[in-house]
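Every number in this text was worked out from the coordinates using simple rules, so none of it is lab data. What you see is a predicted model, and the numbers here were worked out from it, not measured in a lab. Positions of Cβ are backbone-derived with ideal geometry, glycine not excepted, and every protein chain shown enters the neighbour counts.
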Amino acid sequence: MTVRSEPLAKVTRPSRAGDRVFSAIATGAGVTILALLAGVAAFLVVKAWPALTAPASEIPGGQSFLHYVWPLAFGTIVSSTIAILLAVPLAVGVALFITHFAPRRLANTLSALVDLLAAIPSVIYGLWGIAVLGPAAVGLHRWLYDHLAFLPFFKGPPSPTGRTMLVVGVVLAVMILPIISAVVREVFAQAPRSLQEGSLALGATRWEMIRMVVIPFGRPAIVSASMLGLGRALGETMAVALILSVSGGVTLNLISSGNPSTIAANIALDFPESSGIAVNVLIASGLVLFGITLLVNMAARLIIRKQIRG
């Protein structure tokens, strides 16, 4: 006797008005973000085009736009790189301490204090860098010059005021630390308890458990948070403009008085007094910063995707 199996009927759920409204709002939000991004890019390209096609004699400095923007892009990348190299290890360490070592009451207090750093205006960081950190770093600059002058980063002469690229990098690191730490902290707190307890039950020390379970689990978040912090560092304006002693040249020397400016700081300082083609040149440099930021975020997406697949 054969039994015929009837195909299961499709279960159709009634379409509710709330679902349709929510779907329309979500779709509209996504389209709006894309439209805003495209609008910003189009504005920058249109306004920057006169500067990109202008003869070198009309560009400030009397050279081509590439010669104008290259020192600014170099200063932007150097200051942001210093900030990331200093901020990421410290932010990961703070996140680990809050989530796995500190007592709960201390962890809550420390979390609030770290998050409070993100609420401090950048101009306050700039004033702190000029009045406190810069003078305090003069002795460090001299020590680096005396002992490590054979490296291009510390060949000096050391700045007597402390308004150097190294100090700017430290200030930017403090500014982006709460952003990185907040994201990493939340992900570390979501690490599977079963895996953590299982590794401890098998005889692993707490550090071994963190190294084998927590950090691999949070590695994509570390990369994502680092890129968020890097985006903040790339676009920082007031703190850099207040602290940095600008010479305009391209140099790897981090402790001298002559430093390249950054794109954002240069725009903020020169835009109020600019007119004509000079405005288009500043907007064109903003287009370069826009491109750098997009490239950084695209690279971060690729890294995260590879880590998730791996």
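Some values worked out for this structure:
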| read-out | value |
| --- | --- |
| Cα-Cα pairs of the range 186-249 separated by more than 19 Å (percent) | 53 |
| Top positive-direction residue, dipole computed over the chain with Cβ charges, set Ala189, Leu113, Leu148 | Ala189 |
| Dipole of the range 31-309, positive direction: furthest Cα of Ala201, Ala91, Met175, with charges on the beta-carbon | Ala201 |
| Candidates Leu254, Leu294, Leu244, ranked by Gaussian network fluctuation over the chain, Cα under 10 Å, top entry | Leu294 |
| Of Thr81, Thr27, Thr205, the one that fluctuates the most in a GNM where the chain has Cα springs shorter than 10 Å | Thr27 |
| Isotropically averaged projected area of the range 251-305, using the convex hull of Cα atoms (one quarter of hull area), nm² | 5.5 |
| Highest-fluctuation residue, Ala233, Ala119, Ala131 considered, GNM on the chain with Cα pairs under 10 Å | Ala119 |
| Relative counts (whole %) of C-alpha pair distances in the range 107-221, using bins that are 5 Å wide | 2, 10, 14, 12, 12, 11, 11, 12, 8, 5, 2, 0 |
| Rg over Rh, two decimals, the chain (C-alpha only, Kirkwood Rh) | 1.10 |
| Test item: Cα-centred dipole of the chain, Lys/Arg +1 and Asp/Glu -1 on Cβ, debye | 1200 |
